[in-house]
1. Neighbouring Cβ atoms within 10 Å as the yardstick, rank Glu62, Glu119, Glu260 fewest first.
2. At 0.36 nm per residue, minus the direct Cα-Cα distance, what do Glu260 and Arg53 gain on full extension? Give it in nm, one decimal, please.
3. So who's got an amide H within less than 5 Å of the one on Val99, skipping anything under 5 residues away but keeping other chains? H placed 1.01 Å off N, in plane.
4. Can you tell me which of 199-205, 67-73, 112-118, 27-33 comes out highest on packing, and rank the rest after it, using the mean Cβ neighbours within 10 Å?
5. Bins of 10 Å, beginning at zero and ending with the bin holding the largest distance: percent of Cα pairs per bin for the chain, please.
6. Would you mind ranking His120, His196 so that the residue whose beta carbon has the fewest other beta carbons within 10 Å leads the list?
7. In what order do Ser163, Ser190 fall by count of nearby beta-carbon atoms within 10 Å, going from fewest to most?
8. Could I have the simple spin-label model distance between Ile186 and Thr43, label points 7 Å from Cα toward Cβ, reported in nm to one decimal?
Amino acid sequence: MPSSLQPAAERHSVTVLGLGPMGRALAGAFLAAGVRTTVWNRTPGREGDLVERGAAPAASAEEAVAASALTVICLVNYDATDAVLRRPAVTDALRGRTVANLSADVPDRARDTGRWAAEHGIGYLDGAIMTPTPTIGTPEGVFLYGGPEPLYLEHRPVLDALSGSHTHLGEDIGRAAAYDVALLDIFWTSMSGYVHALALARAEGITARELAPFAQGIGAILPPLFEEWAGDVDDRTYSGEGNPLTSGLSTMEHVVHAAEGHGIDASVMRATAALTRRAVDRGYGADGFTRVTELLDLRRGE
């Protein structure tokens, strides 16, 4: 049944599948906004306080999705979502309804799920949550979506109940997951660098608390560089003015030398230095660090 023909109560309600920390936060935000919310979890027992706040518990996933025009699912990955959504009874119950998948996985898996949904007459939006659980239901929450724009606009009033910013990235089902993995790359690479710095500092008798204020200063340098370097990469200018690769390579080698002198694993920095040296050896020593993006793309034959 097309959503426009579904009862108004269904169109102004939501089902949340998955009641881990993020799923519970999503359900709680919907409830706080006054959206009629049905909940279900693979392991019973997590819905208690949500039910006390007004959520309707469902005995099965098929019963849950039948209660609303929009189902929001948030599980650990797409193996888990497939195990729920692709069960025949659940698939049948979803026909003519919409799924917004806010689980985390890779773009190809998102596109595969989009094809599966289309084959079974199910509306599908693939999304990514870019902020932690405490931000859900607050202005600080950030949500990204890929998929048919009319479908996104149709369900935007319910999704807006989560508060925060909501951005539709285009028709490509895998677009949100692509942003997600790229942004997670920034986060985890940065966190790897930070914990390595803390280990190196500790070896030199500097506590983590002593280093932290100066680490925050390094962090403050990054946002303008993100903007500047984005232009370098898109325009393929790779400017090294002020900090050419030859200079950067020297500082990387200092980190490696100091870390390994204390018996600290420096494999991540060694890998970065090796990429930088390869660029220098190919004649790019006067370029900026953004030149390394070309070497990382193995399809380009660099």
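Rule-based calculations on the coordinates, nothing more; no lab input. Because the structure is predicted, anything quoted here is derived from the model rather than measured. We place every Cβ from the backbone using ideal geometry, glycine too, and count neighbours over all the protein chains shown.
1. Details: Glu62 18, Glu119 9, Glu260 14.
Ranked by crowding around the Cβ, least crowded first: Glu119, Glu260, Glu62.
2. Working: separation 207, 0.36 × 207 = 74.52 nm, distance 5.50 nm.
Between Glu260 and Arg53, full extension yields 69.0 nm more.
3. HN-HN under 5 Å from Val99: Thr71, Gly123, Tyr124, Leu125.
4. Working: 199-205: 13.7, 67-73: 25.6, 112-118: 17.7, 27-33: 21.4.
In descending order of packing, they fall as 67-73, 27-33, 112-118, 199-205.
5. 6, 23, 26, 18, 17, 10, 1
6. His120, His196
7. Values: Ser163 17, Ser190 11.
Fewest-to-most Cβ neighbours within 10 Å comes out as Ser190, Ser163.
8. Rounded to a tenth, the inter-label distance reads 3.4 nm.
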